[in-house]
Amino acid sequence: MTLVQLRHLLSLAETGSFSRSAEALFITQPALSRSIRSLEAELGQPLLDRIGWRSELTAFGREMLVRAQRLVAEADELRAVAQRLRTGATGHLKLGLGSGPAAILAVPLMRHMALNFPAVHLELTVGASAVLEEGLRQRRLDALLVDARSVIPSTDLQVEPLGELRGAFMCRPGHPLTQRKGPLRFKDLLAYPIASIPLSDEVARVLVERYGPQAHPGQCVTLRCEEIPTLVDVVRETDAVLLSIRAAAPGLQELALTPSMNATARFGLATLTGRSAVPLMSEVRALVDQLLHD
């Protein structure tokens, strides 16, 4: 039994004519007759009574017609759902976001989906890279947007580069450091609390190379939190200094250190090796390409 045979039965029930149904189905009348005979043979009883030029459903045929209509409708809906999933018009998407990506991408991602894909179920999880990686491996997440340097190389993970954003030391407008005359040195920052998310070993190495051992995050950072917006709020209301992605805190004032920091956050899209991509990921990539710039 095939869906094609069931569609043939539905057409005959509607037209009552093999010739008209064959024409509507774009097949020959003998081919349609063979299809119905095969279906009757499989079901074990006649579906149609041939009365002259007209064909009418038997009592058995009427019973089968109800179920055939249901099956064909379900198949059509299945095809429609598959099409919507392919185009990203519906479905589920579960993304894990590291602190930096979350600060820049979380709101725009949710706004974009709400405006353009209202039927999509989008779930964002913000956390440390190690926790997010475990969620990805357990299939609780479809993909991760994280600092690529924080992902430990592994054969079961693949990381696609997305872009780099410049890091900076920042403070509130009117902060005492903005009033200083002459070059601003790293040691001048140490008079104030320094706030930061957990940083990768690569960023720590850059800081130490530029400003010496006192700039290692384990030593100089006094306020640490996984969520950049929380740190931004604290820095906006106090004399604390924020070390973060510049684009994540547009309302704060950048401090021009001598020498300059020249450190970047390298974002990446992490997925499981060999796992089929969620259709909506192409939409996510396109949006990320627009947003990941200073």
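The values are calculated or read from the model by the stated rules, or taken from the named source; none is laboratory data. Since this is a predicted model, take the numbers as computed values, not measurements. Quick reminder, even Gly has a Cβ in these numbers, built from the backbone with ideal geometry, and neighbours come from all protein chains shown.
Structure values in brief
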{"item": "Residues of region 199-233 classified as in a helix (DSSP H, G or I) and of a type outside the set (Lys, Arg), total", "result": "22"}
{"item": "Leading residue by the ranking (farthest from HIS8 (Cα to Cα)) among those in region 25-75 that are assigned to a strand (DSSP E or B) and of a type in the set (Asp, Glu)", "result": "ASP49"}
{"item": "Lone unmet requirement of (1) in a loop (DSSP other than H, G, I, E, B); (2) modelled with pLDDT under 95; (3) touching a Phe, Trp or Tyr at 6+ places or on another chain (Cβ under 8 Å) for GLY182", "result": "(3)"}
{"item": "Subset of region 104-135 [within 19 Å of ASP147 (Cα to Cα), without any contact (Cβ under 8 Å) to a residue 60 or more places away in the chain and not in a helix (DSSP H, G or I)]", "result": "LEU124, THR125"}
{"item": "Residue within region 256-279 that is outside any loop (DSSP other than H, G, I, E, B) and farther than 30 Å from ARG140 by Cα present", "result": "yes"}
{"item": "Scope region 79-103; condition at pLDDT below 75, outside any loop (DSSP other than H, G, I, E, B) and among the aliphatic types (A, V, I, L, M); matching residues", "result": "ALA80, VAL81, ALA82, LEU85"}
{"item": "Criterion violated by THR271 - all others in (1) among the hydroxyl-bearing types (Ser, Thr, Tyr); (2) within 17 Å of ALA102 (Cβ to Cβ); (3) crowded, with 17+ Cβ neighbours inside 10 Å satisfied", "result": "(2)"}
{"item": "Region 148-195, residues that are buried (at least 17 other Cβ atoms within 10 Å of the Cβ) and of a type in the set (Val, Ile, Thr)", "result": "VAL151, VAL159, ILE194"}
{"item": "Matching residues, region 2-37, being within 16 Å of ALA73 (Cα to Cα), touching a residue at least 40 places away in the same chain (Cβ under 8 Å) and of a type in the set (A, V, I, L, M)", "result": "LEU3, LEU6, LEU9, LEU10, ALA13"}
{"item": "Any hit, region 204-212, residues being of a type in the set (A, V, I, L, M), touching a Pro at 6+ places or on another chain (Cβ under 6 Å) and farther than 25 Å from SER276 by Cβ", "result": "yes"}
{"item": "Test: residue in region 207-226 that is touching a Gly at 6+ places or on another chain (Cβ under 9 Å), closer than 23 Å to GLY251 by Cβ, surrounded by 16 or more Cβ atoms within 10 Å (Cβ to Cβ) and of a type outside the set (A, V, I, L, M)", "result": "no"}
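For (1) among the hydrophobic types (A, V, I, L, M, F, W, C); (2) outside the structural domain of ALA128 (by TED's automatic domain parsing); (3) closer than 26 Å to ASP156 by Cα; (4) surrounded by fewer than 19 Cβ atoms within 10 Å (Cβ to Cβ), each residue gets a yes or a no:
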residue	(1), (2), (3), (4)
LEU243	yes, yes, no, no
PRO250	no, yes, no, yes
GLU254	no, yes, no, yes
PRO259	no, yes, no, yes
ALA277	yes, no, yes, yes
GLU283	no, no, yes, no
